[in-house]
1. Can you tell me what share of the DSSP beta bridges in the chain is antiparallel? A percent to the nearest 5 is fine.
2. Using 1/(1 + (r/R0)^6) with R0 = 35 angstrom and r between the beta carbons of Arg89 and Asp198, what's the FRET efficiency to the nearest 0.05?
3. Order 7-13, 60-66 from most to least packed using the mean count of other Cβ atoms within 10 Å.
4. Connecting C-alpha atoms closer than 10 Å in a GNM of the chain, tell me which of Leu208, Leu165, Leu86 has the biggest fluctuation.
5. Using the Karplus curve 6.51 cos²θ - 1.76 cosθ + 1.60 with θ = phi - 60°, what ³J(HN,Hα) values do you get for each residue of region 244-258, in whole Hz, with x for Gly and Pro?
6. Residue separation times 0.36 nm, minus the C-alpha to C-alpha distance between Asp186 and Asp7: what's the value?
7. Quick one: net charge of Glu147's neighbours, Cβ under 15 Å, K/R +1, D/E -1?
8. Around Thr8, with a cut-off of 11 angstrom between Cβ atoms, what is the net charge of the other residues, counting Lys and Arg +1 and Asp and Glu -1?
Amino acid sequence: MTTLTLDTAPLKHGFGSEIIGVDLAAADDAMLAAVVAEFHRTGAIVLRGQAMAPEQFVRFGKAFGELNGHTLQDYILPGHPEVYVLSNRLEDGRPVGAHNDGIGWHTDLNYTAQPVMCTMLHAIEVPPEGSDTLLADQCAAFAALPEERQGELSKLKQIHSFEYLHKMRSEGRKAVPPEVLRANPDVVHPLVRTHPADGRKALWVSSLTPGFVGWSTADSEVLIDELIEWVTQDRFVYRHKWQVGDVLVWDNRCTLHTGTLFDDTRYIREMHRMWVKGDRPY
Ligand SMILES: [Fe+2]
């Protein structure tokens, strides 16, 4: 248990926390433990103005748990396999990172048996406008439903499929190697997920899936669209406007997120991303 008290402000009523006055590069283990505890308590944290070298970012990530590898190896940060680069920058005519990944509401690695617990981004270079990241609070969205509806939805199980997701998004992209497809078989997760820290229930719906167990794809799509629309209402959503040096960490057990576009003909964006391993949803 930590005894440190952090200076914090909620990102949104009842969700998330901006942690003020902590320099992650210089933070000792007790301070990092306090930051991690604040993350588990609130579902998302922001720390502004963080000047961290990649190895310091990796140390920060490891404070949350074991780091997770990346599905595709194309844009690993050289020398730091834990860190994945999101960018539209070209070096010698070649992209240094994945561009426009993560547009559309989703949860990272939902198609795996043990989806990543959290995602963290460190802003290296940001456009002056656009490229906001939006987080939707799935616990607040579930809590706001009528009790009867909560009961009905709690019975459903959703099929999550890397192959299906990739097919739906693959326009203009490279084909996925067959060994990657074999390593990512379809999985089934409960639609209503329990947060292991405190038992809160999240409406853990994902778009671009084959649907619910025992349901047709067409019927599933109607309900998935309805639920995504419900979860992503403004009242449940925090919009993060990026500044250089921002660190944003969100809890994939209780949030949906999406990136937004920016004018990539005028501006460069570069983010460093890490994932922390998670456990099986229940
Ligand atoms: Fe994502």
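Nothing in this text is a laboratory measurement; each read-out follows from the coordinates by a stated rule. Just so it is clear, the structure is predicted and the values come from calculations on it, not from any experiment. Here the Cβ positions follow ideal geometry from the backbone for every residue, glycine too, while neighbour counts run over all protein chains shown.
1. On the way: 50 of 54 bridges.
Counting DSSP beta bridges with both partners in the chain, the antiparallel share is about 95 percent.
2. With a Förster radius of 35 Å, E is 0.30.
3. Details: 7-13: 14.1, 60-66: 17.6.
Result, highest mean first: 60-66, 7-13.
4. Leu165
5. Karplus-based 3J(HN,Hα) across region 244-258 equals 4, x, 5, 10, 10, 10, 10, 8, 6, 7, 8, 9, 9, 9, 8 Hz.
6. On the way: separation 179, 0.36 × 179 = 64.44 nm, distance 4.26 nm.
That works out to 60.2 nm of additional length.
7. Values: positive: Arg149, Lys155, Lys201; negative: Glu148, Glu152.
Combined, the nearby Lys, Arg, Asp and Glu give +1.
8. Here the count lands on -2.
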